[in-house]
There are 2 protein chains.
Amino acid sequence: MTKSTAVSPQAVHEAARDLFARQGYRGTSMKDIAQVLAVSAPNLYNHVTSKQDLLYRIMDVAMDRALAALATALDGVTDLADQLRRATEVTVLDFLENPAEVTVCNTEIRNLDTPLRQAIIDKRDAYGAQILAIVDRGCAQGLFDVPEPRVASFAILEMGNNAKAWYHPDGHYSATEVAALYGEFALRIVGCRLP
Amino acid sequence: MTKSTAVSPQAVHEAARDLFARQGYRGTSMKDIAQVLAVSAPNLYNHVTSKQDLLYRIMDVAMDRALAALATALDGVTDLADQLRRATEVTVLDFLENPAEVTVCNTEIRNLDTPLRQAIIDKRDAYGAQILAIVDRGCAQGLFDVPEPRVASFAILEMGNNAKAWYHPDGHYSATEVAALYGEFALRIVGCRLP
DNA sequence: CCTACCGATCGGTAGG
DNA sequence: CCTACCGATCGGTAGG
């Protein structure tokens with residue numbers, strides 16, 4: 001059996017994702033990506049259209065995955081405290097399980113050209129709007145007690161963002177345990193009466 | 001009176017800080033910085049030694065300012081709940097009042113060469129260690145009730161990091177009011193009995 | 001002679 | 001799939 005093709009659109013995507021996360025978009029050359037895949041830089045253009053499109057797809061795939069995970073986590077859950085806990089847990093789990101994508105989404109959005117950047121911002125805002133809606137409804141029901149639901153929802157979304165920096169999969173806690181802690185923090189922030 | 005000197009180390013520092021925050025370190029050329037100051041790019045080297053040193057000083061100044069503000073905020077405060085509230089408030093205030101420095105510190109640390117990078121990381125860790133120490137002591141006193149003080153302190157430090165993205169100085173709340181909200185969230189996260 | 005600063009260009013590398 | 005190479009721009013320094 002001869003050596004199989006070493007490169008594919010998916011392989012380029014993954015190599016670029018990891019390098020962009022570690023070195024940044026502008027700090028990563030097409031040659032860097034090619035080197036990981038042991039091919040020449042010009043050869044990459046047989047599988048992707050441009051470096052910019054590569055960045056866009058990395059972020060778009062990451063956002064779609066996060067939105068899908070949130071929808072699954074909330075499916076069939078009616079209690080608003082459960083919704084907030086699950087939404088926070090799935091958010092933190094996404095951060096821990098996809099550190100490279102999350103780093104790229106957090107740090108490279110300014111390197112996306114305007115039409116593509118807005119598309120990503122829209123998806124990110126749609127995610128945040130769902131968290132805010134949960135907090136708002138919980139306040140309206142009297143289940144939550146928080147003076148500024150908008151600020152609280154931002155704090156909840158943001159608080160787990162850095163967890164990937166200190167979390168190690170083979171460390172003291174599992175990702176699920178860390179996510180559960182943040183779920184608890186979210187309920188505390190909104191002043192939810194615990195069961 | 002003739003035109004005064006338009007450039008100084010401080011002016012270069014400030015121009016670079018704002019451009020690095022908006023475009024990134026690698027997305028900003030020395031020519032870009034020079035253009036803001038209406039001088040030639042080579043002229044910048046009469047005021048700074050290199051682009052790399054410029055980045056280091058921006059981050060180092062930011063860290064020293066944050067550490068000094070934290071020390072001032074905690075000076076003479078003995079109650080641990082007050083300490084945590086004030087530490088959180090001053091942290092968020094620093095985020096809101098120095099958005100450019102904070103953005104550079106958050107996104108450009110990977111572009112610092114190794115010896116300089118470690119110096120910044122050490123200062124950042126020293127900041128975090130003070131927050132953790134407050135949470136730890138509060139738990140030891142039975143004033144706080146949180147299962148994992150380390151995770152809680154990370155969540156508290158991180159939760160206000162994005163506030164600068166949606167906060168507008170001439171908007172609904174003042175920076176002090178926003179900071180006070182986050183101070184409240186911090187006490188809730190650690191399960192502090194409120195007065 | 002110094003500083004501050006200019007126009008021009010250095011050696012290398014970027015995306016394509 | 002590679003070598004060769006483009007227009008441009010990079011950080012930094014030359015002479016004057």
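Just to be sure before I move on: is B:A62 in the same structural domain as B:Q130 (by TED's automatic domain parsing) and within 26 Å of B:L116 (Cα to Cα) in the structure I sent? Yes: the conditions hold for B:A62. Taken residue by residue, region B:115-123 has no member that is under 22 Å from A:A21 (Cα atoms) and not in a helix (DSSP H, G or I). Regarding B:Y127, is this residue modelled with pLDDT of 95 or more, facing chain A (nearest Cβ under 10 Å), farther than 23 Å from A:Y173 by Cβ and within 18 Å of the chain's Cα centre (by Cα)? Considered against the rule, which asks whether it is modelled with pLDDT of 95 or more, facing chain A (nearest Cβ under 10 Å), farther than 23 Å from A:Y173 by Cβ and within 18 Å of the chain's Cα centre (by Cα), B:Y127 comes out as no. For region B:28-50, filtering for residues that are under 15 Å from B:S8 (Cα atoms) and assigned to a helix (DSSP H, G or I) leaves 11. Annotation note: Cβ proximity below 9 Å between a residue of region B:89-105 that is under 12 Å from B:G160 (Cα atoms) and a residue that is part of a helix (DSSP H, G or I) and aromatic (F, W, Y) (sequence gap 6+ or interchain) occurs for B:E89/B:Y182; B:T91/B:Y127; B:T91/B:Y182; B:V92/B:Y182; B:V102/B:F95. For region B:54-70, state whether one or more residues are within 14 Å of another protein chain (Cβ to nearest Cβ), within 16 Å of DNA strand D (Cβ to nearest atom) and free of Cβ contacts under 8 Å to residues at least 24 places away in the same chain. Scanning region B:54-70, I find no residue that is within 14 Å of another protein chain (Cβ to nearest Cβ), within 16 Å of DNA strand D (Cβ to nearest atom) and free of Cβ contacts under 8 Å to residues at least 24 places away in the same chain, so the answer is no.
Take the residues in region A:14-37 that are more than 10 Å from chain B (Cβ to nearest Cβ) and of a type in the set (A, V, I, L, M), then tell me which one is nearest to DNA strand D (Cβ to nearest atom). Before you say what the answer is, go through the steps one by one.
Applying the first criterion (more than 10 Å from chain B (Cβ to nearest Cβ)) to region A:14-37 yields A:14-20, A:29-37.
Remaining after also requiring of a type in the set (A, V, I, L, M): A:15-16, A:19, A:30, A:33-34, A:36-37.
Numbers: A:A15: 14, A:A16: 16, A:L19: 18, A:M30: 10, A:I33: 12, A:A34: 7, A:V36: 13, A:L37: 9 Å.
It comes out as A:A34.
As a summary of the residue check, B:L112 satisfies the conditions (1) within 21 Å of A:R22 (Cα to Cα); (2) not assigned by TED's automatic domain parsing to the domain that holds B:Q130 except for the one numbered (2). Residues in region A:137-171 that are more than 9 Å from chain B (Cβ to nearest Cβ) and closer than 29 Å to A:T103 by Cα: 8 in all.
Taken together, the residues in region B:70-96 that are more than 21 Å from A:I189 (Cβ to Cβ) and either crowded, with 17+ Cβ neighbours inside 10 Å or touching a strand residue (DSSP E or B) at 6+ places or on another chain (Cβ under 9 Å) (or both) amount to 3. The set of residues in region B:75-109 being of a type in the set (S, T, N, Q) and part of a helix (DSSP H, G or I) consists of B:Q83, B:T88, B:T91, B:T103, B:N106, B:T107.
The values are calculated or read from the model by the stated rules, or taken from the named source; none is laboratory data. Here the structure is a predicted model, which means the values were calculated and not measured. Note: ideal-geometry Cβ built from the backbone for every residue, glycine included; neighbour counts use all protein chains shown.
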